[in-house]
Every structure is written in C-alpha cells, then in structure tokens.
Amino acid sequence: PALGEEPITSAYIRTVEIGKVRLDEEQLKLTSRLDRLFLELHSTDAKVIPSRELSRVSDETNVMERLYRQIYQRWFQPTPPRGLYIHGSVGVGKSMLMDLFY
C-alpha cells in the first residue's frame, strides 16, 4: 500500500466495498493497529543495525572504532518498532489482512 494516513484500513474498506469480504469489527480494529505499525516502519530513514554486528570486534579493531560502535549503539541506534502477534481461529482473516499489510 502507498504511504498515507491509514493505508491498511483504506485497503480493507475498499475490499469490503467491492464485496470481496464482509465487514468484520475485529478485522477493522486490527487494521488500525497494522496502520500504526506500517507508518512506524516507514517513518524513519535510519537503518537499524543488529546489535551482533555492532558488537562484532576483532583483535585488529582499533580502540576508536570500538568506542564509535559502542557510542552509536547506545545513543544513535533507533529503536525498532514493536511488531504484532496476530492469532485467531482458522478463517477469520489473518492472512488476508497481512496481504493488505504487504
């Protein structure tokens, strides 16, 4: 979906309007949570570097490089957004909503 105010909810409403699915209040609630996650994931240009890469230092790494890595990890590394765990019975629309998310 394109970046917008509520990309997942808008796509879900369009899917309901064309008759592909029936409106479901639980699905609609989940779309707003997916919207927030989508916007958080797309709101930063900063790349989150896995901590194992930042902490990987060899005997050849100089002191300044180690210091730089530690400072970056502690002060500048963006905190990745928390994900969602989606669960429910078979056929309630989990996969369909994830398809809208991607």
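Among the residues that make up the range 41-63, is at least one of them modelled with pLDDT of 70 or more, touching a Pro at 6+ places or on another chain (Cβ under 8 Å) and either under 30 Å from ASP24 (Cβ atoms) or in a loop (DSSP other than H, G, I, E, B) (or both)? Checked the range 41-63: at least one residue is modelled with pLDDT of 70 or more, touching a Pro at 6+ places or on another chain (Cβ under 8 Å) and either under 30 Å from ASP24 (Cβ atoms) or in a loop (DSSP other than H, G, I, E, B) (or both). Among the residues making up the range 84-102, those that are surrounded by fewer than 10 Cβ atoms within 10 Å (Cβ to Cβ) and under 14 Å from LEU37 (Cα atoms) are TYR85, TYR102. Listed conditions (1) at pLDDT below 90; (2) part of a helix (DSSP H, G or I); (3) open to solvent by 70 Å² or more (accessible area, probe 1.4 Å); (4) not polar (S, T, N, Q) are all met by ARG14, apart from (1).
The values are calculated or read from the model by the stated rules, or taken from the named source; none is laboratory data. Keep in mind that what you see is a predicted model, and the values were worked out from it rather than measured. Heads up, the Cβs are rebuilt from the backbone with ideal geometry, glycines too, and the neighbour counts pull from every protein chain shown. Areas reflect the complete protein model, heavy atoms only, side chains present, ligands, DNA and RNA absent. Shrake-Rupley method; radii C 1.70, N 1.55, O 1.52, S 1.80 Å.
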